[in-house]
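First the structure, in the form of structure tokens, and then the observations on it.
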Amino acid sequence: MSTTAATRTGRPSRGPLTDLLTGGGRARRLLWLLVGLWVLFSLVRVLSGEQELTSSSTLSAALLLAVPIGLAALGGLWSERAGVVNIGLEGMMILGTWGAGWAGYQWGWVGAVVGGMVFGAAGGLLHAIATVTFGVDHVVSGVAINILAAGVVRFLSELLFTEGTGGGPTQSPSLASDPPSFSLPVLSSGPDLLSGLERQHWFLVSDLAGLLRGLTNGVGLLTLLAVLLVPVSYLLLWHTAFGLRLRSCGENPAAADSLGVPVYRLKYLAVVVSGALAGLGGVFLVFVAGIYREGQTGGRGFIGLAALIFGNWRPGGLAAGAGLFGFADALQLRSQTAVVALLLLIAVLLAVLAVHQAVRRRLLQAVIAGVFAVAALVGFLTIDRLPEGIVFFTPHLTTLLVLSLASQRLRMPKADGLVYRRGEH
Amino acid sequence: MSGLVRRVGLSLLGPVLAVLVALVISAAVIALIGENPVEAFRVMTDLGDSPSQQVQSIVVILNRAVPLFLSGLAVAVAFRMGLFNIGVEGQYRLATILAAAVGAAVVLPGPLHVLLIVVVAMVVGALWAGIVGVLKVTRGVSEVISSIMLNFIALGLASFLLTGPLRGSPPGASIVTTAEIPESGRVPSLNGLLTALGLATPRSGLYGFLVMALVVGVVVAVLLKRTRFGFDLRATGLSPSAATASGVDARGMVVKTMLISGAIAGLVGLPDLLGSQYDYGTEFTAGLGFLGIAVALLGRSSPLGIALAALLFAFLDRAALPLQFADIPSSVVTIIQGTIVLAVVIANEVAGRLALRSAERAGATAGPGPQTDGDDGVPPPTAPDGGQRVRTGAPGTPEDVQA
Amino acid sequence: MAPADSPADGSAAGDVPLAVELRGITKRFPGVVANKDIELRVRRGEVHAIVGENGAGKSTLMKTLYGEHRPDEGQILIDGRPVSFRSPSDAIAAGIGMVHQHFMLADNFTVLENVILGSEPTRRGRLDRATARRRIEEISERYDLGLQPDALVEDLGVGDRQRVEIAKVLYRDARILILDEPTAVLVPQEVDELFGNLAELKREGLTVIFISHKLDEVRRVADSITVIRRGTTVGTADPRTTTAKQLAELMVGAELPTPETRESTVRETPVLQMVGVTVTDGAQRSVVDDVTLTVREGEVVGIAGVEGNGQAELVDAIMGLRPLAAGSVRLGGEDVTAWSTRARRESGVGFIPEDRHRQGMLLDAPLWENRILGHQTRPPAVKGPFIDRRGARADTARIMREYDVRAPGPDTLAIALSGGNQQKLIVGREMSAQPRLLVAAHPTRGVDVGAQAVIWELLKDARAEGLGIVLISADLDELIGLSDTLHVMLRGRLVATLDPRRVTPEVLGGHMTGARTTAGAA
């Protein structure tokens, strides 16, 4: 009478890349994907001679840059899974940076964490009030919060960071203390075995060494926390009653309401948590710089949103997206020529995609992918270094491409963006 | 007639309420930091002592209001159709740099030269916005996300062009700009008009582009309210399903609207470009795109309202200077602006609901009451300016994302 | 038939407490009284039907019983005890379960997740899916629901979704089930399955309250019937002793209109010719299957059928709102299959949509702008590329006069009008364009009786002047009273063509439910 139970796993794709691998269930496909990427990166490194591609310093930087994006994306996840679109993540992150700077210079790094999260949560609360209680359109409210946040932090800076404190209208005094950081004992510090392996530049092995060392050397406390928050969010949202109820608010709030789920309350909670997470992302930025500086967020709130969409509104996906964007960012910072090597990588991936689409008889997509593959290859061969302006927008371009090519396979929560008012549905 | 008065009153209620709330909050904030709110407001409204100072202040306000007005118009045209064009920022930056470069590269007789610059700016803006429309219609990509992404791409492109092919300033200069637009490409100031009106001569020139902006405003107003196309546009914003049933090609409408919105957005940088800067550089006026959203919301997407809102925001922007002289943090202005934006979206929503209930009650007295059983009588979700969003349809309807 | 205040079969009150009793329930909304002084008595273990026309107040009543809002006056008693519900959770706790007409299911969730939502079993903080699965399978077995706990609701058909809704209430140990228009979206085979399920429930001692406006079904399955008209109880009935006609009279309150004999106004020239029209949905299923029909000048072609059998899609195909998978549409001899909606409208097709709020009007716009809607390319609404405001307003005023639209003036917002007045405006607007074909989908749905009579007269007058009309309706009397030719649509095909002057509601209903077939049916 009904469909089979296996439909669940065949459902939302992680993007066109996953289509490359077949069968064996999701975990195995994921494993193949990772192995494939590892081989590919290694190959590209050897071919292009760009050692920075998989060096531990690049990967360390990638982790550092991925965290704020990932935290913003996580914030977006909580909010959108409850049905509230949160364009205001950028503004909440800005509030978080300010809160961290202000609390941090007075009370050290612990204060900074608390301050940043509280300020971010306050932004979230405003968004919740506007959207859930007053029924304002979510996007409009988010944009309004972004504008307001920028104004508020400027005002507060002017007010509180007076002469003599070491700060000014656009930056805070330095933090009173730095957060602790960790490294693996033998492998990443002291004898630093991984570093030795890495410097051999051996195919495959050195890349892995670079990856491992990058992820385990001098990792800050907050980084660990941020990384842990991803599986924690997954467990909370997908394996508890609370999570089921929260997600139901984003799928069909009228149904949830009819079953006694406190929809308004859960939406409020989700959006405030979303703000707190974005604020935590801001805290991280402050830790990296040592102070609050105006404009520090640099659009990362929006990139986080992009990572969320790229990850198909799932924790694992958004982490992958954040990692990808962080990596691209890190590579560009460490070596502009290495970014060009990425073009080769993209060329190979797009070529495979083109073949795949052609096999599936989707000729238009195959041709488009093929054209871009050739363009990327040509780019790799001819360009020496990519200009800064172009590299700046690679995450955004990537997101746009993913959205355009894979929009049908992305599955946002069904009632995301719906202004829910009890009794009208 | 009283119905009309009630409706006008209700539509003004939102913005007026918002401004009042913002003023109250700002007064509270100012008081909290130890300053006198009344004094602060007095300082803000002080246009200067001598007539020439006062005229100068007004000119500064008007000059700031012109680009804000254009930006608000661009956003409003899309709003009326139920679309959200957040990409005005990217559209105008890209349009301005390209128009500046083209303008500096040719020499034509005066009016033609200006016309060329204007056309280039509008075309670039329209095309950049058109990408958003096409992506939405063909691939179903949300215009909010795609326009935000395109903003960043536009900024990156502009930065690349500025430091690369279109660089006009000599290497080693502290500020990088495009080449300067020659005299024939500049728009003369309206100071002559001011003198003719018997007013003192201000230090800055009143942007001649003001005239163009007014023309654009009138054209948009006529387009929206008086033409068939405008009717189709507004109908799609009010009810996409009813518009489709009435024969409107929804997908074509999305693209056309984004093109028009983008074309207007392209003009946003021109007042500053052709009136005072004459080149595009790293210091060029930024943020006009997002302020345009604020202005459109406050002005409830009507050209007249947007003009007033633009003046208000420009007035507030200018007030930052005298505040600084009076030792009050000038960012009070940004607080006021930000609070206005948030307050206006809330107030619009509340006022909209009040208007709905008032209209229902008016109708109930005229005949048998509205249905409350089943699906009838459920008011559709309202957009920021009162229209319906293309994005958020009723849950479960097959075409709620469709356009 | 029995008067409103005595039990249907004379059993002594006070033997066993009634499962549900409503006394004097009144509920008001701004501008209207939806329920007034409602009385309801439901015994334990019975299937009790509440019948009434659309707009009679049934849904509002059920929302009150389910705790979705509170009554302004009156009392609710469950098992003899007065209760007060502040939210659906209270009602659920009292053992009431509601199966909504429009399913409340999250498409992206599985059956299991939908059923347990709000009452999830947990073990040490984590969701206990295993226990939930066991319980659901047990319920599925016991009541013969055939559920697959891990199936995505999105992939389920309508009948399956309804069974998930039933499982939801059974999972919460409901003893009293409320079903709101459960058969509205089912095909006849699924209706049979549903009634089978209801019999199971009854056997297990549960009480079922069943809301409907379909008398034949109600008489099939109910033990007892309460009739509601215009928000108040007008009587109770025992289906075994009451005829359909008596019930219908209770519902409508007057004699049923009989089709009058009249001269045929049907001419020779066809205005609409549909040949082999097929429309498919997203999953490649035919929702309109090889339909061929012709409408001639001066002819009303009625299409009868249970909602959901392809009528809406057929309308979309005629109007150009949906592409055809096969077949052709000709308007007055021209092949318009590839034409846009606007082109078809411009060539003389009028449209009275089924859902006037969604497709027929702009609620937040004034009446004169609604006059323009659908006709924005012709006078009097337009002059060249511009809107002719004055012309539109004058014409709106004329329509309001001629079609008896009651509203303060052309500047009134459409949302302020009652359903009947809105519909009269739409009819007036469409007629004013002098169409040669009018597509009228449920033209008097949700319209008060007075407006209904006016609209019927308008349609008849227009027909006499040569207008061809496609009439889709669920109101059998409307169909019989107006049509010259009557088709029956079932599962996307036209299965019968009947003569409205000779057909009776029973025969027609039989074809609609597939119980009857005629030799040579399409």
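The values are calculated or read from the model by the stated rules, or taken from the named source; none is laboratory data. Treat the numbers as computed from the prediction; the structure is a model and nothing was measured. Neighbour counts run over all protein chains shown; Cβ positions are idealised from the backbone, glycine included.
In segment B:139-168, the residues that are assigned to a helix (DSSP H, G or I) reach residues that are of a type in the set (Ser, Thr, Tyr) with C-beta atoms within less than 6 angstrom, at least six apart or across chains, in these pairs: B:Arg139/A:Ser404; B:Arg139/A:Ser407; B:Met149/A:Thr399. From the list A:Gly108, A:Gly104, A:Gly124, the lone residue that is modelled with pLDDT under 95, more than 10 Å from A:Leu280 (Cα to Cα), in contact with a Ser or Thr (Cβ under 7 Å, 6 or more places away or on another chain) and not polar (S, T, N, Q) is A:Gly108.
Conditions (1) part of a helix (DSSP H, G or I); (2) within 30 Å of C:Ala106 (Cα to Cα), marked per residue:
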{"residue": "A:Asn312", "(1), (2)": "no, yes"}
{"residue": "A:Gly317", "(1), (2)": "yes, yes"}
{"residue": "A:Ile346", "(1), (2)": "yes, no"}
{"residue": "A:Ile368", "(1), (2)": "yes, no"}
{"residue": "A:Val374", "(1), (2)": "yes, no"}
{"residue": "A:Val378", "(1), (2)": "yes, no"}
{"residue": "A:His396", "(1), (2)": "yes, no"}
{"residue": "A:Thr399", "(1), (2)": "yes, yes"}
{"residue": "A:Met412", "(1), (2)": "no, yes"}
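Picking from residues in segment C:115-134 that are more than 29 Å from the chain's Cα centre (by Cα) and within 7 Å of another protein chain (Cβ to nearest Cβ), the one that is nearest to C:Pro82 (Cα to Cα) is C:Gly118. Residue count for segment A:329-380 under the criterion of being closer than 19 Å to A:Leu53 by Cβ and among the polar types (S, T, N, Q): the result is 4. Within segment C:419-440, the set of residues being out of contact with any Lys or Arg (no Cβ under 8 Å at 6 or more places or on another chain) and at pLDDT below 85 comprises just one member, C:Gly420.
Of all residues in segment B:301-331, those being away from chain A (no Cβ under 14 Å) and in a helix (DSSP H, G or I) number 15. Evaluate segment C:106-114: report whether one residue or more is closer than 28 Å to C:Val42 by Cβ, out of contact with any Ser or Thr (no Cβ under 8 Å at 6 or more places or on another chain), within 8 Å of chain A (Cβ to nearest Cβ) and not hydroxyl-bearing (Ser, Thr, Tyr). The answer is yes; a qualifying residue exists. Go through C:Leu152, C:Leu145, C:Leu156 for me and flag whichever is modelled with pLDDT under 90 and either in contact with a Ser or Thr (Cβ under 9 Å, 6 or more places away or on another chain) or of a type in the set (Asp, Glu) (or both). Matching residue, one of C:Leu152, C:Leu145, C:Leu156: C:Leu156. Kindly evaluate B:Leu214 against the criterion of being touching a residue at least 12 places away in the same chain (Cβ under 8 Å) and either buried (at least 16 other Cβ atoms within 10 Å of the Cβ) or out of contact with any Pro (no Cβ under 6 Å at 6 or more places or on another chain) (or both). No; evaluated as a whole, the condition is false for this residue.
If you go through segment C:190-213 and keep only what is in contact (Cβ under 8 Å) with a residue 60 or more places away in the chain and either closer than 21 Å to C:Gly308 by Cα or outside the structural domain of C:Leu61 (by TED's automatic domain parsing) (or both), you end up with C:Val191, C:Phe210, C:Ile211, C:Ser212, C:His213.
In the set A:Leu269, A:Leu197, A:Leu211, which member is within 30 Å of A:Ala415 (Cβ to Cβ), surrounded by fewer than 21 Cβ atoms within 10 Å (Cβ to Cβ) and away from every other protein chain (no Cβ under 14 Å)?
A:Leu269 is the lone residue from the list that is within 30 Å of A:Ala415 (Cβ to Cβ), surrounded by fewer than 21 Cβ atoms within 10 Å (Cβ to Cβ) and away from every other protein chain (no Cβ under 14 Å).
Every test in (1) part of a helix (DSSP H, G or I); (2) closer than 24 Å to B:Gly230 by Cβ; (3) within 7 Å of chain B (Cβ to nearest Cβ); (4) in contact (Cβ under 8 Å) with a residue 12 or more places away in the chain is passed by C:Gln359 save one, and that test is (4). Per the conditions (1) out of contact with any helix residue (DSSP H, G or I) (no Cβ under 9 Å at 6 or more places or on another chain); (2) closer than 20 Å to C:Leu373 by Cα, the sole criterion not satisfied by B:Lys225 is (1). Among the residues of segment A:48-77, the ones that are within 14 Å of A:Val273 (Cβ to Cβ) and either without any contact (Cβ under 8 Å) to a residue 24 or more places away in the chain or of a type in the set (A, V, I, L, M) (or both) come to 5 in all. Could you check segment C:52-76 and list, in sequence order, the residues that are away from chain B (no Cβ under 14 Å), surrounded by 17 or more Cβ atoms within 10 Å (Cβ to Cβ) and not in a loop (DSSP other than H, G, I, E, B)? Within segment C:52-76, C:Leu65, C:Gly74, C:Ile76 qualify.
Would you check if A:Ser248 is polar (S, T, N, Q), assigned to a helix (DSSP H, G or I) and either within 14 Å of chain C (Cβ to nearest Cβ) or touching a Gly at 6+ places or on another chain (Cβ under 7 Å) (or both)? Judged against the criteria, A:Ser248 is a match. Residue count for segment C:369-408 satisfying the condition of being at the interface with chain B (Cβ under 8 Å from one of its Cβ atoms) and free of Cβ contacts under 8 Å to residues at least 24 places away in the same chain: 10. Somewhere in segment A:120-132, is a residue closer than 20 Å to A:Ala415 by Cα and surrounded by fewer than 24 Cβ atoms within 10 Å (Cβ to Cβ)? Yes, segment A:120-132 contains a residue that is closer than 20 Å to A:Ala415 by Cα and surrounded by fewer than 24 Cβ atoms within 10 Å (Cβ to Cβ). For segment B:123-144, filtered to residues that are over 19 Å from the mean Cα position of the chain (by Cα), hydrophobic (A, V, I, L, M, F, W, C) and within 10 Å of chain A (Cβ to nearest Cβ), the residue that is nearest to B:Arg251 (Cα to Cα) is B:Val134. The residue of segment C:77-93 that is nearest to the chain's Cα centre (by Cα), among those that are surrounded by fewer than 20 Cβ atoms within 10 Å (Cβ to Cβ) and assigned to a loop (DSSP other than H, G, I, E, B), is C:Ser87. Checking each residue in segment A:130-142 for being within 8 Å of chain B (Cβ to nearest Cβ), part of a helix (DSSP H, G or I) and out of contact with any Phe, Trp or Tyr (no Cβ under 7 Å at 6 or more places or on another chain) picks out A:Ala130, A:Val140, A:Ser141. Say we look at segment C:132-182 and pick out the residues that are assigned to a helix (DSSP H, G or I) and basic (Lys, Arg); which of these is nearest to C:Ala222 (Cα to Cα)? For segment C:132-182, the residue satisfying everything is C:Arg163. Exactly one residue among A:Glu158, A:Glu80 is of a type in the set (Asp, Glu), assigned to a helix (DSSP H, G or I) and touching a residue at least 24 places away in the same chain (Cβ under 8 Å), and that residue is A:Glu80.
Residues that are in contact with a Pro (Cβ under 8 Å, 6 or more places away or on another chain) and under 24 Å from C:Glu181 (Cα atoms) within segment C:89-111 comprise C:Met98, C:Val99, C:Gln101, C:Val111, listed in sequence order.
Report, by residue number, each residue of segment A:371-407 that is within 7 Å of chain B (Cβ to nearest Cβ) and within 27 Å of A:Asn252 (Cβ to Cβ). Selection gives A:Leu403, A:Ser407.
Given the criteria surrounded by 20 or more Cβ atoms within 10 Å (Cβ to Cβ) and under 25 Å from B:Val141 (Cβ atoms), does A:Ala366 qualify? Full working, then the answer.
Details: surrounded by 20 or more Cβ atoms within 10 Å (Cβ to Cβ): no; under 25 Å from B:Val141 (Cβ atoms): yes.
The answer is no for A:Ala366.
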